[in-house]
Amino acid sequence: VSLRATPKGLSNLGCTCYLNSAVQCLAHIAPLSAYFLARRHSNHINTVNTLGTKGDVTRAYADLLQSLFVDQRHVLPSLTKFRFQVGKYNAQFRNLSQQDAQEFLSFLVESLHEDLNRVMYKPYIELKDNAGRQDGDVAREIWDYHCLRNRSIISELFHGLLRSRVECSACNSISTTFEPFSYLSLPLPMEDRTSYNVVFTRLPEEGKAPAVKRYSFIRLKDERVQDVKEKLRALTQVPISCMSLCQQNSDSSIAFLDMKNPQSLQSVIHRGTFFVYEVVPVRKDLLPRNLNREKYRVPALVRLIE
């Protein structure tokens, strides 16, 4: 029998996996967790800062870290208390619905910073004009001004200065700005080349079952739905006008993809395999017309039973 204790984790209170992910990321930043576990935050809580939570979120987060890394008690009570304090100051995270982890992390870090900001009253300083000045001088001035208003364990660990340079293509004038930040969003690039499958069903020859063949294609960047038919036409010599393109939804219903709709293939490829059926060409002179003299057509599917 093993006497080793089971490592404690964060329970899911509903759809709170976004909260758990953000807390686990923040909890494993060693200097920050050491600061809270040593209870140094108790001397720095700013209760007069209207931008903070009067220390409520910070104290709840510190208790959560204590139950995770030090205490032997179950972590659920601390997690429940922490989520309650978060919802108290941000209605977006009040219920148990799924939310964005990055948005929650941004709110949590900002709340911790304002609660622990050792600057009780933020001074107002008018910045000089940047025109004709060296970037280093401007950056140093803006950073010094930022530090006069923000001084906490969060600003020491996370805050930085972002340099942005814009050049006008018409007059070649250059504008350089510096802006403090606490986090940077990193957009993940979409895969430009992914594969997809197409099941093509030919019209049956007399006395024979329909021929079915599966094709696999590489989706190119900015490829459109109509390009699927173009690829099939090149391989099968079947005219595009004799193809009906559709997909099967998760509820087993059939979704027909209109050639006139210029939607990107990426917007529908997540549904899975495409199905293309060879159909009999429609004689336009035989199409009925309604009172508004607009053509209409009702598609029909026939299930084949072997």
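When you look at Glu126, is it in a helix (DSSP H, G or I) and out of contact with any Phe, Trp or Tyr (no Cβ under 6 Å at 6 or more places or on another chain), yes or no? Against the criterion (in a helix (DSSP H, G or I) and out of contact with any Phe, Trp or Tyr (no Cβ under 6 Å at 6 or more places or on another chain)), Glu126 does not qualify. Taking each residue of the range 109-126 that is free of Cβ contacts under 8 Å to residues at least 60 places away in the same chain and looking for partners that are exposed (fewer than 15 other Cβ atoms within 10 Å of the Cβ) and outside any loop (DSSP other than H, G, I, E, B) with beta-carbon atoms closer than 6 Å, six or more apart or interchain, yields Pro123/Leu148.
Any residue that is out of contact with any helix residue (DSSP H, G or I) (no Cβ under 6 Å at 6 or more places or on another chain) and surrounded by 13 or more Cβ atoms within 10 Å (Cβ to Cβ) - is there at least one of those in the range 184-192? Walk me through how you get there before you give the answer.
In the first step, residues of the range 184-192 are kept if they are out of contact with any helix residue (DSSP H, G or I) (no Cβ under 6 Å at 6 or more places or on another chain); the result is 184-192.
From what is left, the residues that are surrounded by 13 or more Cβ atoms within 10 Å (Cβ to Cβ) are none.
Within the range 184-192, none of the residues are out of contact with any helix residue (DSSP H, G or I) (no Cβ under 6 Å at 6 or more places or on another chain) and surrounded by 13 or more Cβ atoms within 10 Å (Cβ to Cβ).
Residue-by-condition table, conditions (1) out of contact with any Ser or Thr (no Cβ under 9 Å at 6 or more places or on another chain); (2) surrounded by 10 or more Cβ atoms within 10 Å (Cβ to Cβ); (3) within 21 Å of Ser195 (Cβ to Cβ); (4) modelled with pLDDT of 80 or more:
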residue	(1), (2), (3), (4)
Leu245	yes, yes, yes, yes
Asp251	yes, no, no, no
Pro262	yes, no, no, no
Val280	yes, no, no, yes
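Checked against (1) surrounded by 12 or more Cβ atoms within 10 Å (Cβ to Cβ); (2) in contact with a helix residue (DSSP H, G or I) (Cβ under 9 Å, 6 or more places away or on another chain), Lys128 passes all but condition (1).
Can you give me the number of residues within the range 135-174 that are under 32 Å from the mean Cα position of the chain (by Cα) and either part of a helix (DSSP H, G or I) or closer than 30 Å to Ala30 by Cα (or both)? Don't jump to the end; show me each part of the working.
The initial filter retains those residues of the range 135-174 that are under 32 Å from the mean Cα position of the chain (by Cα), namely 139, 142-143, 146-147, 149-168.
Now restrict to residues that are either part of a helix (DSSP H, G or I) or closer than 30 Å to Ala30 by Cα (or both): 139, 142-143, 146-147, 149-163.
Qualifying residue count for the region: 20.
When the test is whether a residue is surrounded by 10 or more Cβ atoms within 10 Å (Cβ to Cβ), within 21 Å of His44 (Cβ to Cβ) and outside the structural domain of Ile240 (by TED's automatic domain parsing), Leu162 does not pass it.
Could you please find all residues in the range 66-83 being free of Cβ contacts under 8 Å to residues at least 60 places away in the same chain and either surrounded by fewer than 13 Cβ atoms within 10 Å (Cβ to Cβ) or over 25 Å from the mean Cα position of the chain (by Cα) (or both)? If the condition is that a residue be free of Cβ contacts under 8 Å to residues at least 60 places away in the same chain and either surrounded by fewer than 13 Cβ atoms within 10 Å (Cβ to Cβ) or over 25 Å from the mean Cα position of the chain (by Cα) (or both), then Gln66, Ser67, Phe69, Val70, Asp71, Arg73, Pro77, Ser78, Lys81 are the ones that fit.
If you go through the range 175-214 one residue at a time, how many are without any contact (Cβ under 8 Å) to a residue 60 or more places away in the chain and either in a loop (DSSP other than H, G, I, E, B) or in contact with a Leu (Cβ under 7 Å, 6 or more places away or on another chain) (or both)? Residues in the range 175-214 being without any contact (Cβ under 8 Å) to a residue 60 or more places away in the chain and either in a loop (DSSP other than H, G, I, E, B) or in contact with a Leu (Cβ under 7 Å, 6 or more places away or on another chain) (or both): 18 in total. Scanning the range 29-49 for residues that are over 15 Å from Ile153 (Cα atoms) and surrounded by fewer than 16 Cβ atoms within 10 Å (Cβ to Cβ) gives Thr47, Val48. Could you go through the range 107-125 and let me know if any residue there is hydrophobic (A, V, I, L, M, F, W, C) and modelled with pLDDT under 90. The answer is yes; a qualifying residue exists.
The values are calculated or read from the model by the stated rules, or taken from the named source; none is laboratory data. Note that this is a predicted model, so its numbers are computed, not measured. Backbone-built Cβ (ideal geometry, glycine too); neighbour counts: all protein chains shown.
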